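Following: one structure in structure tokens, then a few remarks.
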Amino acid sequence: MDGNGRWATRRYLPRVAGHKKGMDALRACVRRCGERGVRVLTVFAFSSENWNRPPEEVSSLMELLAMALGREVPQLKGEGVQLHFIGDRRALSDKVRAGLAQAEADTASNERLVFNVCFNYGGRWDIAQAAARLAAEGRPITEHSLDRALGLAHVPDPDLLIRTGGEQRLSNFLLWQAAYSELYFTDKLWPEFDAAALDEAIADYAARERRFGRTPEQVTPRAGRRAA
Ligand code: IPE
Ligand code: MG
């Protein structure tokens with residue numbers, strides 16, 4: 001979800017106004033995913049590197065998270081959304097940590113949409129914490145065991161990865177899980193990414209051919225040579 005700051009700056013507003021608008025866009029996106037039958041949505045809300053921002057911006061992002069926990073969770077609960085927070089929680093206040101755990105517990109039985117919020121998350125952090133955990137338990141480190149020890153072990157790898165805001169990089173998001181994801185980049189700033197923009201991204205994705213290392217012929221056998 002990139003571009004909140006630029007959205008605000010272009011309007012001569014403080015950056016935090018962009019983050020608030022970004023929260024509105026996220027609410028709409030969650031709703032649209034539910035309507036479209038998307039089963040899993042994972043968003044990058046705060047990266048391990050975002051601590052390097054000015055302290056007042058960091059604290060306003062923390063406040064937004066705390067506020068969202070109080071305000072948004074009851075609504076999400078009613079909409080069948082199962083919430084997960086992925087990331088290093090040790091840096092968060094006791095109150096926020098308790099709020100995250102509560103939100104996860106309150107929505108655990110929901111099944112319509114699994115909604116993962118990556119907060120104080122980094123792809124490298126995730127791989128390292130998974131490896132460290134396996135090592136501490138004396139378990140072998142294999143592709144499979146590592147995959148199962150990552151923060152997103154409860155969901156399949158993402159089919160589609162969307163980055164808004166015009167940048168074409170992963171910025172330490174889902175490094176492991178995005179191995180075969182279709183990448184979609186848009187110049188739209190996150191606060192402008194509405195239901196129609198999501199539909200457009202899904203339509204773009206639907207037109208792609210995914211081969212997972214196989215040949216085009218294997219993926220789409222010619223008529224008459226189709227395997228039974
Ligand atoms: C949102 O966009 C990303 C978050 C850390 C919440 P930015 O804050 O990176 O916005 P830009 O890139 O400065 O426009
Ligand atoms: Mg940015």
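Structure above, values below:
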{"read-out": "Selection within the range 155-168 - within 16 Å of ligand 2 (Cβ to nearest atom) and part of a loop (DSSP other than H, G, I, E, B)", "value": "Thr164, Gly165, Gly166, Glu167, Gln168"}
{"read-out": "Any hit, the range 93-108, residues being modelled with pLDDT under 95 and not in a helix (DSSP H, G or I)", "value": "yes"}
{"read-out": "Whichever residue in the range 169-207 is part of a helix (DSSP H, G or I) and within 16 Å of ligand 1 (Cβ to nearest atom) and, among such residues, is surrounded by the most Cβ atoms within 10 Å (Cβ to Cβ)", "value": "Trp190"}
{"read-out": "Any hit, the range 33-47, residues being open to solvent by less than 80 Å² (accessible area, probe 1.4 Å), more than 12 Å from ligand 2 (Cβ to nearest atom) and assigned to a loop (DSSP other than H, G, I, E, B)", "value": "yes"}
{"read-out": "Which listed residue is at pLDDT 95 or above, among the acidic types (Asp, Glu) and away from ligand 2 (no atom under 16 Å from the Cβ), from Asp187, Asp147", "value": "Asp147"}
{"read-out": "Residue that is surrounded by the fewest Cβ atoms within 10 Å (Cβ to Cβ) [pool: residues in the range 126-168 that are closer than 30 Å to Gly5 by Cβ and without any contact (Cβ under 8 Å) to a residue 24 or more places away in the chain]", "value": "Gln168"}
{"read-out": "Arg53 open to solvent by 40 Å² or more (accessible area, probe 1.4 Å), over 18 Å from the mean Cα position of the chain (by Cα), closer than 27 Å to Gly151 by Cβ and within 10 Å of ligand 1 (Cβ to nearest atom)", "value": "yes"}
{"read-out": "All positions within the range 1-39 that are near ligand 1 (Cβ under 10 Å from one of its atoms) and either of a type in the set (Phe, Trp, Tyr) or within 17 Å of Ala203 (Cα to Cα) (or both)", "value": "Trp7"}
{"read-out": "Residue within the range 4-24 that is more than 16 Å from ligand 2 (Cβ to nearest atom), within 19 Å of the chain's Cα centre (by Cα) and part of a helix (DSSP H, G or I) present", "value": "yes"}
{"read-out": "Close pairs from the range 184-204: first touching a residue at least 60 places away in the same chain (Cβ under 8 Å), partner away from ligand 2 (no atom under 16 Å from the Cβ) and of a type in the set (Gly, Ala, Ser), Cβ under 9 Å, at least 6 apart", "value": "Lys188/Ala197; Phe193/Ala28; Phe193/Ala201; Asp194/Ala28; Ala195/Ala28; Leu198/Ala28"}
{"read-out": "Residue tally, condition more than 22 Å from Asn50 (Cα to Cα) and among the small types (Gly, Ala, Ser), over the range 70-97", "value": "3"}
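The values are calculated or read from the model by the stated rules, or taken from the named source; none is laboratory data. Remember, predicted model here, so these are calculated numbers, not experimental data. Here the Cβ is made from the backbone with ideal geometry for all residues, glycine too, and neighbour counts use every protein chain on show. Calculation scope for accessible area: heavy atoms of the full protein, side chains included, ligands and nucleic acids excluded. Shrake-Rupley method; radii C 1.70, N 1.55, O 1.52, S 1.80 Å.
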